[in-house]
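Student: Below: one structure in structure tokens.
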Amino acid sequence: MESGGLVSDEIIIGLVKERLEAPDCAPGCLFDGFPRTIPQARAMVDEQIAIDHVLEIAVADDEIINRLSGRRVHPGSVVSTTLSTTHLNKKGWMM
């Protein structure tokens with residue numbers, strides 16, 4: 001994770017299982033980005049993790065491109081921001 005690489009399915013599944021056992025998750029929870037892979041989905045079935053509702057947020061491709069085009073990232077850090085005015089150019093920031 002620290003290197004910015006992907007986290008294995010086994011680690012993600014273990015973290016989700018551990019989190020779901022916490023008392024504050026007893027009434028339910030919201031998954032965002034899980035399951036992301038087929039092995040993660042299979043693990044949900046194997047662990048009998050039931051899904052009651054699914055929410056899909058549909059965004060047009062051109063809007064996604066517009067939003068991603070407005071993101072700036074500071075090299076070497078986790079700082080990022082979304083700018084609606086992409087003409088701003090600060091030293092040390094890049095598109």
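Every number in this text was worked out from the coordinates using simple rules, so none of it is lab data. If you're wondering where the values come from, they're calculated on a predicted model, not measured in any experiment. We place every Cβ from the backbone using ideal geometry, glycine too, and count neighbours over all the protein chains shown.
Student: Where does the charge balance sit around K17 when Lys and Arg score +1, Asp and Glu -1, over other residues with C-beta under 14 Å from its C-beta?
Tutor: Residues near K17 contribute -4 overall.
Student: Report the gain in length on full extension from E10 to V59: 0.36 nm times residue separation, minus Cα-Cα distance, nm rounded to one decimal. Don't skip to the end; give the middle numbers.
Tutor: Numbers: separation 49, 0.36 × 49 = 17.64 nm, distance 3.06 nm.
Residue separation times 0.36 nm, minus the Cα-Cα distance, leaves 14.6 nm.
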